[in-house]
1. Kindly express, to the nearest 10 degrees and within the range 0 to 90, the angle between helix 167-183's C-alpha long axis and the longest C-alpha principal axis of the chain.
2. When Lys and Arg each count +1 and Asp and Glu each count -1, what net charge do the other residues less than 11 Å away from ILE58, Cβ to Cβ, add up to?
3. Rounded to whole Å and ordered largest first, report the semi-axes of the equivalent ellipsoid of the chain derived from its Cα gyration tensor (root of 5λ).
4. If I model a spin label at ILE248 and GLU32 as a point 7 Å from the Cα along the Cα→Cβ vector, what separation in nanometres do I get?
5. How large is the helix-only mean residue ellipticity at 222 nm for the chain, computed as the sum of -39500 (n - 2.57) over DSSP H runs with n ≥ 4, divided by its residue count, in deg cm²/dmol to the nearest 500?
6. Which order results if ILE92, ILE205 are arranged by neighbouring Cβ count within 10 Å, fewest first?
7. Taking the Cα atoms of segment 3-165, what is the range of coordinates along each of the three principal axes, in descending order and whole Å?
8. What fraction, in whole percent, of alpha-carbon pairs in segment 181-324 exceed 20 Å separation?
Amino acid sequence: MTGFYEEVMTQPSKLAGLLEIYKQEGYETVREAAAMITQGNHVYFAGMGTSLNVASCILGRLSQQVSASALEAGELLEMPGLLREGDVLVLISQSGESIEICRLFEQIKRRVKIIGITNNEGSVLAKNSDLALFLYAGTEESITNKTFTNTMAVLYMIESVINGKDLSELEERLYSAIPVMEELLKTGKEEIRQWAQRLSPADVIHFIGAGAAAVSLAQQSALIFMEGAQCSARAFSVGGFRHGPIEICSKQHRAVLYLSDGKYMEKILNLAREMQYYGSEVVIVSNQSMDFGSHFFVGSMAEEGFAMAGALFMEILLYQVASMRGVAAGEFHITNKICKKE
């Protein structure tokens, strides 16, 4: 067992701890963040890697209330005129010390309000933001795992307040994922290993998402499978895959499809069946019951809960694929946890 998997095993308890802390404070900082965003002109979510991928889970939901977009923090550095007075910048960084984050503070010079979301309370990001929200995920030394789910949970809280939803309903949806996650760790490992074998040799894997949470999971899967299993990987939306990349379908092709919203059921099934017809090895991971042989049913739950449990499936799958490929799952070999090079 690698350090990565040991951290993955703490994911349910770290999510529960985060929810309890924010509940005890009455979601005060979450409400402050939501107020800053709604009072601003445009809100930009910026981060690198995981810290950018998480934003996909709420961008569409925010669109009816606020003008919002997401981009790489490094890309933002190259567009100094993009941020205007009155805008709000949500900077996301697990460490709060990534080089792009540090440089952005030098460049922005307080033209905009900054909300920081980080796991490091003593970081540059935490100290220099107008408002900081913390992930309470504990130490994370391997590639991203528990900070991914905890960041999504915090973003879902902010989105719920902005859209006038009852936070107690979100609590219930997120808490409902915890026993599912615990069961995956207890009994799901062997079943997921069988899916890993079907994806063999896993030199190249494509991840395709249908639904907001599913897109975040696809993007994150591509990132961590490159980092942690040394696979060549890429993420797509259903439409994005159809616009050209579908030509890669063959007996050598491997793909994981995530479905987090039932309204996309027909779309994802049509694509999966077409891919199988052309020879691709495909598995669908979802919170929806369906008539499809290559399907891992995480459980019947809301999209927010699926985001948590689906992330754990993704990480266990990575562990199994890496083991199959003779790679120490989730360990850095070239870079490290905090990137200090541009």
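What follows is calculated from the coordinates using simple rules that are stated; it is not laboratory data. This is a predicted model, so every value here is computed, not measured. Because the Cβ atoms are built from the backbone with ideal geometry, glycine has one as well, and the counts that use them run over all protein chains shown.
1. 40
2. -2
3. Equivalent ellipsoid semi-axes, largest first: 31, 21, 21 Å.
4. Here the modelled spin labels are 4.4 nm apart.
5. Calculated from helices alone, the mean residue ellipticity at 222 nm is -14500 deg cm²/dmol.
6. ILE205, ILE92
7. 44, 35, 26
8. 39
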